[in-house]
Amino acid sequence: MDSFLFTLLLVFAIALGGRDQLTVAQLSDALGRSGPLLGVGLTCSAASAAVMAWAGASLAAILPQRAAEMLVAFALAIAAFELAWPARARRPAEPTRSLGAIGIVILARQVGDAARFAVFAFAAEAVYPVVTVIGGALGGGAAIALGWFAGARGLARFPLRTVRLVLSALLFLAALFIGLNARYQAY
């Protein structure tokens, strides 16, 4: 239950202002708030959470305990770096109406983003990685739905860059403490 809740809340918070959310917001403005666009975004969110949770759980299963904890620290550090990087989604010159193309773009942006690295890290430490998939899919889906509903103009009113920088610093501190704990544990 803890892994589910932490993953849900952290993925939602980290995905705010992310490239995937900005892309969906721009497409929502250009194409209208269509149900299929939201459905593609939610499906991509679930698929990317599943892929990253599977990767995190698979790698952690073959590593010793301390190495798995270092893997979590590295995943959180990568997520912190990605959060600090400015998220800019170029406005499409002519938005495509192909849901397949939209899905590929959204999925490509989600697989390597900070929110999915958090799913990776939680799945590596979770007893039941399936709960991290569910939490990551719901948290990422909620961020996508917010972008779909608010649109690009609506999201521009919030200080998302500041939120991302604060979360980046907090994730880096968490990565530092987890890494130091794994490095200096006495077994």
Gained length - ASN181 relative to ALA101, 0.36 nm times residue gap less alpha-carbon distance:
24.5 nm
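With the contact rule set at Cα under 8 Å and sequence spacing of 6 or more, what percent relative contact order holds for the range 27-169?
Values: 168 pairs, mean separation 64.5, N = 143.
So the answer I get is 45 percent.
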For the range 97-103, Karplus-derived ³J(HN,Hα) couplings (6.51, -1.76, 1.60; θ = phi - 60°; whole Hz; x for glycine and proline) come out as 9, 7, 5, x, 5, 4, x
What is the log10 of I(q)/I(0) for the range 94-168, computed with the Debye formula using one identical point scatterer on each Cα and no solvent, at q = 0.19 Å⁻¹?
-1.01
From Cα coordinates alone, what are the radius of gyration and Dmax values for the range 8-161 in angstrom?
15.5, 50
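Tell me the mean residue ellipticity at 222 nm calculated for the chain from its helices only (DSSP H runs of n ≥ 4, each -39500 (n - 2.57), averaged over every residue, nearest 500). Provide the component values of the computation, followed by the final result.
Details: 8 runs with 152 residues, N = 187.
Estimated from H runs of four or more residues: -28000 deg cm²/dmol.
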Note to self: with every protein chain in place and a 1.4 Å probe, the range 4-87 gives an accessible area per residue in Å² of 41
Rounded to the nearest 10 degrees, what's the angle between the helix 160-183 long axis and the longest principal axis of the chain, both from Cα atoms, 0 to 90?
20
Surface share of carbon and sulfur [accessible, 1.4 angstrom probe, percent] for the range 1-186:
72
Express in nm, to one decimal, how much length is gained between TYR128 and LEU63 on full extension, taking 0.36 nm for each residue of separation and deducting their alpha carbon distance.
21.7 nm
Roughly how many nanometres apart are two label points built 7 Å out from the Cα toward the Cβ at ARG33 and ARG88?
2.9
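The values are calculated or read from the model by the stated rules, or taken from the named source; none is laboratory data. From a predicted model like this one, the values you see are computed outputs, not experimental measurements. Cβ atoms come from the backbone with ideal geometry, glycine included; neighbour counts cover every protein chain shown. Surface accessibility is based on the protein's heavy atoms, side chains included, excluding ligands, DNA and RNA. Shrake-Rupley method; radii C 1.70, N 1.55, O 1.52, S 1.80 Å.
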